[in-house]
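This report refers to the structure that appears directly beneath it.
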Amino acid sequence: MTVSVSWYLILGAILFTIGVVGLLVRRNVLIMLMCIELMLNASNLTFVSFARQHQDVGGQADVFFVLVVAAAEVVVGLAIIVSIFRKRLGATADDLSSMKG
Amino acid sequence: MGNIVPSHGAASALPYLTFIILLPIIFGLIVGVLPKDKGGIAKVIGGIGMAATAVLAVAIMFIFATGKSGYQMVTDHTWISQLGISWHFGVDGLSLFLVVLVALLAPIALYGAQEKYRTTSFVAWVLILEGACIGSFLALDVFVFFIFFELTLIPTYFMVAGWGGKERGKAALKFFLYTLLGSAFLLAGMLILAGLHQSQTGTLTFDLTELAKTHLTYSTEVLLFLCFSAAFVVKTPIFPFHTWSPLAYKESPIAGAVMLAGVMAKLGTYGLVRFDLTLFPRASYRLAPLFLTLGVIGIIYGAVVAAWQKDFKRLVAFSSLSHLGFVVLGIFAFTAQGLTGGILQMFNHGIVTAAMFLLIGMITRRTGSWQISSLGGIQRVAPVLAGITMVVVLAGLGLPGLNGFVGEFLILTGTFLLHRWWAVAAAGGVILSAVYLLWAYQRAFHGTPDEGIVSRMKEINIKESLILAPLIALIVFIGVFPAPMLDRITPTANSIVAHVDSANHVAPPSTGAKSTLSSSNGGGK
Amino acid sequence: MEHAVIFIPIIPLFSALFLICFGKKLGEPLAGWIATIAVGASFVASLITWIGVLGSHGIDRTFIQHLFNWLPVGSFQVQMAFQADPLSVTMALFVSGVSALIHLYSIEYMHGDKDFPKFFIYLNLFVASMLILVLGANLLITFLGWEGVGVCSYFLISFWFERPKAATAGKKAMIVNRIADVGFLMAMFLAFQSIGSLNYSNLISSAPHISHTTLSAIVVLAFVGAMGKSAQFPLFGWLADAMEGPTPVSALIHAATMVTAGVFLMVRLSPLLALAPGAAHFITIIGIITAFVAAAAGTSQNDIKKVLAYSTVSQLGYMFIGVGSGAYVAAIFLMVTHAFYKALLFLSAGSVIHGMNDEQDLKAMGALRALMPMTALAFFVGWMAIAGVPPFAGFFSKGDVLLGAYQQNIFIWLAGVITAGLTSYYMGREFCLAFLGKRRWEEKPKVKKSARSSHAVKEVHPHDPGFKMLGPILLLACLAVIGGLLNLPFASSLKVLEHWLAPSLGVAPAPLHAASSAVQWVLAVVDAIVALGGGYIAFAIWSKKSKHPELEPVFLQNAWYIDATGDTVIAKSGTKLAEISADVIEPVVIDGAVVGIVNIAKFVGVGLHRIASGFVRREALIIAGGTVTLLLAVGIRGGW
């Protein structure tokens, strides 16, 4: 049995859903950040799958962009989270609403 | 047809216009990066930049060939080819004296204002504003014009918000949002016009001379005309879009007020002539009665409201509304006299308003108030200051022999030829300007000074007189001998009027014996 | 020699500029002397120009000196140019001559004033403007001078600006003049539209070719301008208020020169006026109304200067009667002689005021004849001259005007004669109250605040002034006696002024009923009897008693309430309009509309802003939900 492209796509979809659900359900900011990483990587997987299917390197090239962005995001995001934890111990995402419009 | 849209004007050996635009901006950036505590150095460097700009402006004025209507000293380079934007600048009779005005008023505003804190950034903003204004007046590419037009907002916003009065935040925001809203329409109109031009010719360009050749249906032309005008009527301001101005003038520092009223108001009236009349001659012609009416209402209404102001700066704001109404009248009269007068009056208004704001600044610095009611009897304590104020007031009310009269008279003459009753109504402004100016003068300068005035009011000092001297000299010079200016403005005005007339297939207004010989009831109707 | 014309206005102008720079350093009395000499030099220049003009004949008597292009815009060309012709030279001669005398007088009168140099700056500027006005070669140059004299009049009326009344009177004069000036402006616009030029020469040569309606409109509009400057009904109130200014100013500006500018303008336009009989009738009617109304008001004034002010208004009305009835020479003749005797009267009044320590109330004077004999004599001569008693100057000049009126319409003549009687009466009343009767100033020693701080309040010792004041008075008195020689009616060869002015004037249509020589004699006798009669009545009534309330009705003291009504209606409604516009229309209606739009945007924003709660997970849910919804929508539309 060959592993067709659709398997990868299904795996990507499952990973993405886990990420979305995790983001919505969990309150710990660190976990939420990890969920976002999960979603990003799920979309990376989808990119690569399609790139393979269409024989187009464009999709793989996009993955590099996403990786770079994700790395940057982790750096900035973690820094923010660390400074938040320093300021108020054990804060959860629901306690943070300083971005209220 | 006049050659208002020559494919290529007279190119010049040296790119004077690029120099005069970039010079103040570069100096502004240099001053901007200076350390905060180097205010003195900033003023010196800024002064050098402004002096160089002024020298260039004077050079341009002398190089400018009299008697030609087209653009001169043209610089034209492709800039962003994908978008069809080009670095296209040129000067003609319309923009020449406005450039001179900016180069003259910027240093006067800077040195007349004497802001004591955060000098470096203040100098930088004034310089950038100067460059942006000059750029707007010279740009022949609509997109480049738009960039400079918007660029003027930023320094102004920071000058009002950073150095203004009590309600400076509100004033800056109102001014910013109001003008930005107008500009949004300008941007939309500009893009639509460029799109239409591209669909007709296949090339995307924002070049004014090219866009003027676009074929427009009448209704499209009216729509685009209104879009373009939206930005200009707010900027000028024209009644009833003026409500930002009293607040902005009142709250801004003196330098800001000088630049706002003296220079930036002209961006609006300049835009009306340069873009509306050139690009949309039919719509301009058909909608002229609307603008004439708004101009006349502005003249009368501004004067009436000015009479009741208790605050000098607000008074000048409303008197500006009144005076700019005359400019609008001249522009939409579509006669050579009216348009020439209108263009000259833009310059005159800049000089007179700047002088008024500087004088208000001097009085405020001494007495700590610009409320008219808290003043009185200044003429006894400071006769020279009072005398200079009187000259400016008389120029404001259009006394023959001073500059205000020349513009006003030409505008009214030109308007009378084609739109008699508007001129008659506008002449009421001649009376009302005397009422509000002399009344305000009487309240502040006549009467017996109280002790506060006697102790705090000082006579004008040397530095202040040096700052005012060029303005007063110009007020008198233009009043007595305006011919050199008129000779440079008239050809351009003629060609613009001819352009509008030919687009509307009307004959120029007839004056003189030939008209009355043919029609026995030529007058007195 | 005609080239000297340029120096006539330039000398006082430069003198004014010089005094602006150095007047304060020179101080008193040097600044005054420089100003006086400058005006004297201007008079000499006028004489030289006059000789030059005399040297040429007929049409060549018009010499135009072009300086530069003032307003060149396309077909609209206005030159800075001065014109020397019989009319303008006549005007220049008497303006600079009378001005020089009044300058001299002012040196003594303004002695000790804080702003002594400034006074002479204004005075010089005024003379320069007035000379520009009369010498201008086109309507716009005349307008330049016209506004110049208006503004100098504003400066000089409000010269003692610390007094609110003076400041207000100056402002009022300026504004009333501006109202009328709109008429002048319109006349210029119409002239340019129909003729294509503002030059007098072109106007006059094209006048026969343009339509009658246009011509009448131009003339009437120009006359509206003249009504303001020459204080004609109903715009005469400002002139009475203008008496707040120093007395030499009243003499120079508000009697001898500036107020006659309107008459000059109409005479200058007489070739046009001659072709527009309807407009001429209008002018005559305004003139006779003004003459009568003002003379009646003059009979009840108690301020020594206000009597003279209303008298001036009335005399200007006479001049316009002359203009309207086609007697242009008579109008100019009356203008020149009026300048002599009215300046004389004002300067004498100034001498009285000076001697009485700024007392102006006639009822507080009396019996000054013995203390100020020269002044009294001068005032008497002025009275006789203005009343038209032969052989004083007024007899001839007023007689010419009345003759012109008679030839047009006998009722206008009648009204003019009645007014002449009133003139003689009110001047007689003033003379009696001031110089005859009992000393009344000792009855009520009141503490009066002096306008000029240097004049401390002290006991009153009336006296004749020094030579600088008395000299001009006596010289003017001589002129008021012999002024009639300019244009004696007895023989054609004696009508010097008429022959001299002829090339500059229009030719009015021949009178309907020309008066024969015999009729003219009868008219002259009637004039003389009326003048003497009015004077005698005044003497009989006022020389003994100073109070006759029944002869001074309140409505005449208030000048028929015409000015008060105008003030109330215009000023009050105007103020109200300004108040409503500034306090209601501007913030509520216009800015209200703007603020309303902003508020709508704000309202929508407040509603939407609830979504941005700031809770990360809720916002994430909204994003996710939105994405799903979008995907579903795309899917469904894609037929999935």
With respect to residue C:262, is the statement that it is surrounded by fewer than 24 Cβ atoms within 10 Å (Cβ to Cβ) and assigned to a helix (DSSP H, G or I) true?
no
Could you list, in sequence order, all residues of the range C:534-593 that are among the basic types (Lys, Arg) and under 30 Å from residue C:436 (Cβ atoms)?
C:544, C:545, C:547
Would you check if residue C:121 is among the hydrophobic types (A, V, I, L, M, F, W, C), more than 22 Å from residue C:85 (Cα to Cα) and either at the interface with chain B (Cβ under 10 Å from one of its Cβ atoms) or surrounded by fewer than 24 Cβ atoms within 10 Å (Cβ to Cβ) (or both)?
yes
Answer yes or no: is there a residue in the range C:186-208 that is surrounded by fewer than 21 Cβ atoms within 10 Å (Cβ to Cβ) and within 19 Å of residue B:398 (Cα to Cα).
no
So in the range C:531-559, with the set limited to residues that are within 28 Å of the chain's Cα centre (by Cα) and either closer than 30 Å to residue B:304 by Cβ or basic (Lys, Arg) (or both), which one is surrounded by the fewest Cβ atoms within 10 Å (Cβ to Cβ)?
C:558
With respect to residue C:575, is the statement that it is of a type in the set (Ser, Thr, Tyr) and closer than 30 Å to residue B:234 by Cα true?
yes
Within the range C:199-256, track down each residue that is aromatic (Phe, Trp, Tyr) and in a loop (DSSP other than H, G, I, E, B).
C:233, C:236
Would you mind finding the one in C:327, C:276 that is buried (at least 24 other Cβ atoms within 10 Å of the Cβ) and in contact (Cβ under 8 Å) with a residue 60 or more places away in the chain?
C:327
Looking at residue C:207, is it in contact with a Leu (Cβ under 8 Å, 6 or more places away or on another chain) and more than 9 Å from every other protein chain (Cβ to nearest Cβ)?
yes
Please go through the range C:492-505 and pick out each residue that is surrounded by fewer than 18 Cβ atoms within 10 Å (Cβ to Cβ) and touching a residue at least 12 places away in the same chain (Cβ under 8 Å).
C:502, C:503
Residue C:596 away from chain A (no Cβ under 14 Å) and either of a type in the set (A, V, I, L, M, F, W, C) or over 30 Å from residue B:435 (Cβ atoms) (or both)
yes
Taking the options B:75, B:53, B:66, name whichever one is polar (S, T, N, Q), farther than 22 Å from residue B:470 by Cα and surrounded by 13 or more Cβ atoms within 10 Å (Cβ to Cβ).
B:75
Exception for residue B:312 within (1) closer than 29 Å to residue C:584 by Cα; (2) within 14 Å of chain C (Cβ to nearest Cβ) falls at (2)
Any pair with Cβ under 7 angstrom, 6 or more apart, that starts in the range B:423-442 at a residue that is more than 7 Å from every other protein chain (Cβ to nearest Cβ) and ends at one that is crowded, with 24+ Cβ neighbours inside 10 Å and not in a helix (DSSP H, G or I)
B:433/B:397; B:433/B:398; B:437/B:397
Any residue at all in the range B:392-403 that's within 9 Å of chain C (Cβ to nearest Cβ), assigned to a helix (DSSP H, G or I) and surrounded by fewer than 24 Cβ atoms within 10 Å (Cβ to Cβ)?
no
Does the range B:121-143 include one or more residues that are modelled with pLDDT under 90, of a type in the set (Ser, Thr, Tyr) and out of contact with any Phe, Trp or Tyr (no Cβ under 6 Å at 6 or more places or on another chain)?
yes
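Can you pull out the helices (runs of 4 or more DSSP H) entirely within chain A that have at least 3 residues that are modelled with pLDDT of 90 or more, surrounded by 15 or more Cβ atoms within 10 Å (Cβ to Cβ) and of a type in the set (Ser, Thr, Tyr)?
A:29-54
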Residues that are over 22 Å from residue C:346 (Cα atoms), part of a helix (DSSP H, G or I) and of a type in the set (A, V, I, L, M, F, W, C): does the range C:89-96 have at least one?
yes
Please work out which residue is surrounded by the fewest Cβ atoms within 10 Å (Cβ to Cβ), limiting yourself to the range C:159-185 and to residues that are more than 8 Å from chain B (Cβ to nearest Cβ) and aromatic (Phe, Trp, Tyr).
C:160
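Would you pick out the residues in the range C:236-273 that are basic (Lys, Arg) and without any contact (Cβ under 8 Å) to a residue 60 or more places away in the chain?
Passing the criteria: none in range.
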Going through the range B:264-281 one residue at a time, which ones are in contact with a Phe, Trp or Tyr (Cβ under 9 Å, 6 or more places away or on another chain) and in a helix (DSSP H, G or I)?
B:266, B:267, B:268, B:269, B:270, B:271, B:272, B:274, B:275, B:276, B:277, B:279
Working only within the range B:444-484, note down all residues that are in contact with a helix residue (DSSP H, G or I) (Cβ under 6 Å, 6 or more places away or on another chain), within 9 Å of chain C (Cβ to nearest Cβ) and in a helix (DSSP H, G or I).
B:445
What is the residue count in the range B:405-419 for residues that are within 8 Å of chain C (Cβ to nearest Cβ) and outside any helix (DSSP H, G or I)?
0
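The values are calculated or read from the model by the stated rules, or taken from the named source; none is laboratory data. Remember, predicted model here, so these are calculated numbers, not experimental data. Positions of Cβ are backbone-derived with ideal geometry, glycine not excepted, and every protein chain shown enters the neighbour counts.
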